[in-house]
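Student: Structure in structure tokens, see below.
The values are calculated or read from the model by the stated rules, or taken from the named source; none is laboratory data. Since this is a predicted model, take the numbers as computed values, not measurements. When we count neighbours, we look across all protein chains shown, and the Cβ atoms used for this are built from the backbone with ideal geometry, even at glycine. Surface areas here come from the heavy atoms of the whole protein model, side chains and all, with no ligands, DNA or RNA. Shrake-Rupley method; radii C 1.70, N 1.55, O 1.52, S 1.80 Å.
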Amino acid sequence: MDVSRSPDTVSPAAGAGGSAVIEVRALTRRFGNFVAVDRVSFGVGRGEVFGLIGANGAGKSTVVRMLTTLLPVTSGGATIAGYDLVRNPGEVRRHIGYVPQLMSADGDLTATENLLLSARLYGIPFREIRSRIEQTLAAMDLAPFAHRLVKAFSGGMIRRLEIAQGLLHCPAILFLDEPTVGLDPAARHAVLGRLAKLRAETATTILLTSHYMEEIEELCDRVGVLREGKLVAVASPAELKARVGPAATLDDVFAALAGEEAKSPEIQAYRDVRLSRRAARSHG
Amino acid sequence: MSVSPAGLPARTVDQSSRAFRYFEQVFGVCAAEVQKLYHDPFELLTRAIQPVIWLLLFGEAMARVRGLVTGSMSYINFISAGILTQSVLFVAIFYGIAAIWERDLGVLHRYLVSPAPRSALVIGKALSAGIRGLSQALVVYILAGLLAVPISLRAVHLALMVLFIVVGAALFATFSLIVACLVKTRERFMGIGQIVTMPLFFASNAIYPLTIMPAWLRVVARLNPLTYEVDAVRALMLRGGSSDFGVGSDFTVLAVVFAVLVGVAARLYGRMGN
Ligand SMILES: Nc1ncnc2c1ncn2[C@@H]1O[C@H](COP(=O)(O)OP(=O)(O)O)[C@@H](O)[C@H]1O
Ligand SMILES: [Mg+2]
């Protein structure tokens, strides 16, 4: 049975059961007549790192903005951490962290003040605020800069602070929209390294977007390929490469998938992957 | 179930009540704005120049015009309350543009993705306008004192003054936020801001009494929240000052308008990030 297509059978506790912590069902967004996101469906398991790749304008940010409650959906829906996105956005917000493509750290505040603001917005218990801020800053290698104004930070430091902001309340899911965009290679490496550590050490589910598959393939358990608003493939990076060739770029993936689109086997592949993963998880 | 990101303590059960959390969210937003002022007080200083110009140039010149009937009050006394209110209004109106700026930067999204109710975000921003307003008021008090305006320093007057400045600034900041949500771009906001602020100021009792207005303008002024702010400020700022409507009625009008505006702004603010 395909749970993702029947929202009424998804109980509020579904996300806590250890299977899918994100279930996206035919998610669609129009801007006027333009369909930016077209019936996108996928699932992400607890603790999984899921990458959404696609060229500029493919609809990655629009998907993320819908899943983080910032943008109303046109049709379709999703269950996030066990809560219905459309009916219960307040609870969804409580359980997610979000690092947007644009800035989310305030340049006119220090790193600590930015985190203090987050702590208060998320209702982190008063006694814990100080220690959590210190530990999160340390985890992102920002401890020496705790009391510097963020506008003096480098791009990579700002990104790491934003990740710290997104993690301060220990969300079940962290959404990152193009976390490496505009960073130099060293800063990219540092940001991706932090995320890899997060993946290794915690059960936090991560959904991130990128327009370079090469960049995130090591980090991701699975990637979804978005093209002109449609999800054209969901598979592990290895499987995608196997389909297209070892030196495949995103363009090659698109080119290869365009031919398959008529038969649309990728949806089938997606289901198979998900079911097998689910089976694997229930053993573990 | 607790999930613990890299090296972080696990989530603990949050036992704080809803009301307390709401207060904390309002406080958090407001505190962040105040911290920004602390880091960069330059803007506060430049804004303090405006009331100086109004009082020294406009106030002093108009005080020579004998035709203005301001009751028992001298014109400079009369207008110092108006200028205090005006500078609070102008500071508050700036909040809409700040919101558009935050939207363009992306900082707005961190607020909107948080579980804080939109009304808490709006009130937090609005109250920080009140803090700015208080710094403006301090400048006007000092200046008016130097111009020998009889300032009332009774504790009850000062306390009520703080209340009225905070509520008034919060009200106009919220109004400004609503305009920002509707017009969406900085350029349009600048245009609309001019169109709205000036009539708001002139169609009130800030620089001339209601009694000298033509009947239609008096009606407009009675519908203008600024009139009630000025009325209360005039009664509280000056020794022997008096209120036309009663300070209690003034407060009621301002509080009700503020509450309605917060309701509207909360709805619009949530959609501003779209
Ligand atoms: N608010 C909006 N109004 C109109 N079109 C939009 C809006 N936001 C995004 N779009 C359009 O939707 C498409 C997908 O955008 P986006 O999700 O930002 O792409 P990506 O993040 O993959 O680069 C683009 O063509 C973009 O122009
Ligand atoms: Mg994008």
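Student: Based on the mean of other Cβ atoms within 10 Å per residue, sort peptides B:150-162, A:76-88, B:116-128 so the most packed one is first. Intermediate values should be presented prior to the final figure.
Tutor: On the way: B:150-162: 14.0, A:76-88: 20.9, B:116-128: 23.9.
Ranking the peptides B:150-162, A:76-88, B:116-128 by packing returns B:116-128, A:76-88, B:150-162.
Student: Starting from 0.36 nm per residue, how many nanometres of slack lie between A:Ala143 and A:Ala200 once their C-alpha separation is accounted for? Can you show the working numbers first?
Tutor: Numbers: separation 57, 0.36 × 57 = 20.52 nm, distance 2.15 nm.
The A:Ala143-A:Ala200 span can extend by a further 18.4 nm.
Student: Roll a 1.4 Å probe over the protein chains and send me the accessible area per residue for segment B:99-204 in Å². Walk me through the numbers before you get to the answer.
Tutor: On the way: 3920 Å² over 106 residues.
Result: 37 Å² of accessible area for each residue.
Student: Please find the FRET efficiency linking A:Phe31 to B:Ile49, where r is the Cβ-Cβ separation and R0 is fixed at 56 Å, and quote it to the nearest 0.05. Mind showing how you got there, number by number?
Tutor: Working: r = 44 Å, r/R0 = 0.79.
Result of the calculation: an efficiency of 0.80.
Student: Please work out how much length the chain gains when fully extended from B:Asp104 to B:Arg188, using 0.36 nm per residue of separation minus the C-alpha to C-alpha distance, in nm with one decimal. Present the calculation step by step, with values, prior to reporting the outcome.
Tutor: Values: separation 84, 0.36 × 84 = 30.24 nm, distance 1.42 nm.
Computed gain between B:Asp104 and B:Arg188 is 28.8 nm.
Student: On a full-extension model of 0.36 nm per residue, what is the gain between B:Arg218 and B:Ala159, subtracting their alpha-carbon distance, rounded to one decimal in nm?
Tutor: Working: separation 59, 0.36 × 59 = 21.24 nm, distance 2.97 nm.
Gain in length upon complete extension: 18.3 nm.
Student: Please compute the modelled spin-label separation between B:His39 and A:Arg127, points set 7 Å along Cα→Cβ, answer in nm with one decimal.
Tutor: Label-label distance for A:Arg127 and B:His39, simple model: 3.1 nm.
Student: Need one number: nm distance between label points at A:Arg87 and B:Met62, each 7 Å from Cα along Cα→Cβ, rounded to one decimal.
Tutor: About 5.9 nm, to one decimal.
Student: What FRET efficiency would be calculated for the residue pair B:Thr211, B:Arg271, taking the C-beta separation as r and a Förster radius of 51 Å, to the nearest 0.05? Don't skip to the answer; put the middle values down first.
Tutor: Details: r = 43 Å, r/R0 = 0.85.
The computed FRET efficiency comes out at 0.70.
Student: Could you tell me which of rounded, prolate or oblate describes segment B:150-211, using a ≥ b ≥ c as the square roots of the eigenvalues of the alpha-carbon gyration tensor, with rounded for a/c under 1.5 and, failing that, prolate when a/b is larger than b/c and oblate otherwise?
Tutor: On the way: a/c = 3.81, a/b = 1.76, b/c = 2.17.
Oblate, because a/c is 1.5 or more while a/b does not exceed b/c.
Student: Can you compute the charge dipole magnitude of segment B:135-233 about its Cα centre, using +1 on each Lys and Arg Cβ and -1 on each Asp and Glu Cβ, nothing else charged? Give it in debye, rounded to the nearest 20.
Tutor: On the way: 6 positive and 3 negative charges, 33 e Å.
Approximately 160 debye in magnitude.
Student: If you don't mind, there's one more thing I want to ask. How big is the gap, in Å, between the Cα center of segment A:156-200 and the Cα center of segment A:82-140?
Tutor: 13 Å
Student: Please give the average number of partner chain Cβ atoms lying within 10 Å of the Cβ of each residue in A:101-114, rounded to a whole number. Intermediate values should be presented prior to the final figure.
Tutor: On the way: counts 2, 7, 7, 8, 4, 8, 3, 8, 7, 2, 0, 1, 6, 4.
Counting Cβ atoms of other protein chains within 10 Å of each residue's Cβ and averaging gives 5.
Student: Testing the spin-label approximation: label points 7 Å from Cα along Cα→Cβ at A:Val181 and B:Ser152. State their distance in nm.
Tutor: 5.6 nm
Student: In whole angstrom, how far apart do the alpha carbon centroids of segment A:15-59 and segment B:177-240 sit?
Tutor: 48 Å
Student: A further question on this structure: Determine the alpha carbon to alpha carbon distance for each of A:Lys197/B:Lys184; A:Lys197/B:Lys36; A:Lys151/A:Lys241; A:Lys60/B:Lys184 and list only those over 30 Å.
Tutor: Table pairs above 30 Å Cα-Cα are A:Lys197/B:Lys184; A:Lys197/B:Lys36; A:Lys151/A:Lys241.
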